[in-house]
Amino acid sequence: DLEWLGLGEAIDGAEAEDCGEETGGGHRESTSQAAALGEYEKELMADHAAQIAELPELLAPAGNWECLRAAVANGADAVYFGLPRFNARLRADNFRDDELGEVVTFCHRHGVKAYVVFNTLVFTGELGAAEEMLRECSRAGVDALIVQDVGVVRLARAIVPELAIHASTQMTITSPEG
């Protein structure tokens with residue numbers, strides 16, 4: 001019974017054009033219909049596989065080693081964390097710059113992506129430090145940056161184009177042009 005696939009009507013209402021076989025109850029099913037059904041089933045399976053591949057990512061905060069280990073142990077697909085600079089949560093626990101490589105290695109060893117928050121506005125006098133931090137993130141193998149400042153997005157695209165960029169919830173745009 002193919003009703004669950006939504007195919008019952010298509011097969012029942014179709015006329016057998018080529019050498020078909022008699023099915024139970026005097027019903028004829030053509031060879032071309034059977035072939036078409038096989039293709040449709042393949043499409044359904046491919047669609048289902050694509051849906052599974054597009055499951056939402058479970059992203060968890062990880063401001064210190066205890067939180068990072070808990071996020072990984074509890075099934076996070078990715079974690080986000082700040083460093084001492086360019087982070088809106090400066091009063092919260094954050095990893096030190098010298099821990100960045102170790103944090104990323106730990107995450108990747110456990111199949112978890114590592115995202116660094118870069119979610120403050122960067123002023124002209126801070127551009128050199130921001131550039132260095134972007135390069136450090138790239139060298140450490142960070143999977144993505146979570147960015148507030150549109151200028152930092154442009155800077156990152158110019159110097160570390162391999163790093164994915166995600167918009168922070170603090171990112172704002174003041175005109176339709178951006």
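Taking segment 65-95 as the search range and keeping residues that are farther than 25 Å from residue 150 by Cα and more than 23 Å from the chain's Cα centre (by Cα), which one is modelled with the lowest pLDDT?
93
Scan segment 91-101 for residues that are more than 17 Å from residue 61 (Cα to Cα) and surrounded by fewer than 13 Cβ atoms within 10 Å (Cβ to Cβ) and jot them down.
The one that is more than 17 Å from residue 61 (Cα to Cα) and surrounded by fewer than 13 Cβ atoms within 10 Å (Cβ to Cβ): 98.
Those residues that are of a type in the set (S, T, N, Q) and closer than 12 Å to residue 117 by Cα, I need them from segment 132-165; list them, please.
148
For segment 104-131, which positions are aliphatic (A, V, I, L, M) and either farther than 19 Å from residue 156 by Cβ or open to solvent by 50 Å² or more (accessible area, probe 1.4 Å) (or both)?
The answer is 112, 121, 127.
Please enumerate the residues belonging to segment 80-117 that are free of Cβ contacts under 8 Å to residues at least 40 places away in the same chain, under 17 Å from residue 166 (Cα atoms) and touching a Phe, Trp or Tyr at 6+ places or on another chain (Cβ under 7 Å).
81, 116 - these are the residues of segment 80-117 that are free of Cβ contacts under 8 Å to residues at least 40 places away in the same chain, under 17 Å from residue 166 (Cα atoms) and touching a Phe, Trp or Tyr at 6+ places or on another chain (Cβ under 7 Å).
The values are calculated or read from the model by the stated rules, or taken from the named source; none is laboratory data. Since the model is a prediction, treat every value here as computed from it, not as a measurement. Note that we place each Cβ from the backbone using ideal geometry, even for glycine, and neighbour counts take in every protein chain shown. Side chains included, ligands, DNA and RNA excluded: accessible areas come from the protein's heavy atoms. Shrake-Rupley method; radii C 1.70, N 1.55, O 1.52, S 1.80 Å.
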